[in-house]
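The values are calculated or read from the model by the stated rules, or taken from the named source; none is laboratory data. Values in this document were obtained by computation on a predicted structure and should not be read as measured data. Don't worry about glycine lacking a Cβ; one is built from the backbone with ideal geometry, like all the others, and counts go over all protein chains shown. With ligands, DNA and RNA removed, areas are computed over all heavy atoms of the protein, side chains included. Shrake-Rupley method; radii C 1.70, N 1.55, O 1.52, S 1.80 Å.
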Amino acid sequence: PVWLREQTPLRAQRFREDLAALVRRSDPNIVFIRLHAQFSAPDLHELLQSITYDRTVVVDTSGGDEASVLAGMTTDGRRAVRRARARMETAGGEVVEETGLDAPAFHEYYAVLEATALRDGFRPHPEHVYTDLLAALGPDHARLFGVRVAGRLVCWDLVLVNDRRACAYYGASSSDARAVLGPDALDFAIAVI
């Protein structure tokens with residue numbers, strides 16, 4: 001927003017209320033608004049991250065089945081998916097959806113994120129940031145998928161869904177996931193779902 005008068009906590013709150021009402025009238029499927037706020041308030045959440053992606057891949061899933069999604073991929077992409085699926089099958093890996101986990105159950109996911117951060121040189125947010133996101137958006141808008149090998153979580157993606165679009169917003173993978181090519185298998189399985 002551009003403030004024509006001095007911004008105060010009360011004016012900012014009124015602005016957010018008016019903006020939320022306008023957005024709800026315009027598109028009731030929108031579940032959050034990202035904006036800069038000068039003052040903290042109970043209806044605001046801290047920024048999740050300022051650089052959200054290191055790369056963007058758009059996958060056309062309009063065909064709705066494995067064959068059509070594979071057909072829309074490059075030759076290298078199809079080869080990577082087939083190799084990952086074969087490696088997963090050999091290792092007994094499986095893609096699971098675990099949407100709706102409570103905060104204590106998410107701790108297993110966070111441990112994989114911490115291992116990823118240590119390996120890749122970044123610092124994850126505190127665990128509550130992720131569990132708050134899951135709780136705030138709910139299972140219709142925040143879905144959690146993982147790869148388990150012998151029952152142990154090795155990689156995961158948190159997928160945000162809005163209307164008919166989805167984005168793998170956060171993810172993590174252990175070194176064990178790389179051994180079974182879990183991230184490739186997981187990304188393909190999510191695209192088909």
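What pairs come out if I take residues in the stretch 124-136 that are closer than 14 Å to VAL31 by Cα and pair them with residues that are open to solvent by less than 40 Å² (accessible area, probe 1.4 Å) and among the hydroxyl-bearing types (Ser, Thr, Tyr) whose C-beta lies under 7 Å away, six or more apart or interchain?
none
Out of curiosity, is GLY64 open to solvent by 60 Å² or more (accessible area, probe 1.4 Å), modelled with pLDDT under 90, of a type in the set (Gly, Ala, Ser) and over 20 Å from the mean Cα position of the chain (by Cα)?
Details: open to solvent by 60 Å² or more (accessible area, probe 1.4 Å): no; modelled with pLDDT under 90: yes; of a type in the set (Gly, Ala, Ser): yes; over 20 Å from the mean Cα position of the chain (by Cα): yes.
Spelling it out, it is not the case that GLY64 is open to solvent by 60 Å² or more (accessible area, probe 1.4 Å), modelled with pLDDT under 90, of a type in the set (Gly, Ala, Ser) and over 20 Å from the mean Cα position of the chain (by Cα).
Mind listing whichever residues of the stretch 71-93 are open to solvent by 60 Å² or more (accessible area, probe 1.4 Å) and part of a loop (DSSP other than H, G, I, E, B)?
GLY72, THR74
Within the stretch 142-154, count every residue that is in contact (Cβ under 8 Å) with a residue 24 or more places away in the chain and more than 27 Å from VAL31 (Cα to Cα).
7
Suppose the filter is basic (Lys, Arg) and in contact with a helix residue (DSSP H, G or I) (Cβ under 6 Å, 6 or more places away or on another chain); does ARG152 pass it?
no
Quick one: how many residues across the stretch 123-148 are out of contact with any helix residue (DSSP H, G or I) (no Cβ under 8 Å at 6 or more places or on another chain) and part of a loop (DSSP other than H, G, I, E, B)?
Residues that pass the stated criteria total 6.
Within the stretch 94-106, identify whether any single residue is within 26 Å of ILE30 (Cα to Cα), part of a loop (DSSP other than H, G, I, E, B), modelled with pLDDT of 95 or more and in contact with a Leu (Cβ under 9 Å, 6 or more places away or on another chain), and answer yes or no.
The answer is yes, given that some residue of the stretch 94-106 is within 26 Å of ILE30 (Cα to Cα), part of a loop (DSSP other than H, G, I, E, B), modelled with pLDDT of 95 or more and in contact with a Leu (Cβ under 9 Å, 6 or more places away or on another chain).
Has the stretch 105-118 got at least one residue that is open to solvent by less than 70 Å² (accessible area, probe 1.4 Å), of a type in the set (Val, Ile, Thr) and in contact (Cβ under 8 Å) with a residue 40 or more places away in the chain?
Yes; the residues of the stretch 105-118 include at least one that is open to solvent by less than 70 Å² (accessible area, probe 1.4 Å), of a type in the set (Val, Ile, Thr) and in contact (Cβ under 8 Å) with a residue 40 or more places away in the chain.
I'd like the full set of residues that are more than 13 Å from the chain's Cα centre (by Cα) and assigned to a helix (DSSP H, G or I), limited to the stretch 111-122.
ALA111, VAL112, GLU114, ALA115, THR116, ALA117, LEU118, ARG119, ASP120, listed by residue number.
When you scan the stretch 34-49, do you find a residue that is farther than 24 Å from GLN13 by Cβ, modelled with pLDDT under 85 and of a type in the set (Lys, Arg), even just one? Don't jump to the end; show me each part of the working.
Looking only at the stretch 34-49, we keep the residues that are farther than 24 Å from GLN13 by Cβ, and these are 49.
Subsequent filtering for residues that are modelled with pLDDT under 85 retains 49.
Imposing the further condition that a residue be of a type in the set (Lys, Arg) reduces the set to none.
Taking every residue of the stretch 34-49 in turn, none turns out to be farther than 24 Å from GLN13 by Cβ, modelled with pLDDT under 85 and of a type in the set (Lys, Arg).
Can you pull out every residue in the stretch 1-44 that is surrounded by 10 or more Cβ atoms within 10 Å (Cβ to Cβ) and basic (Lys, Arg)?
ARG11, ARG14, ARG16, ARG24
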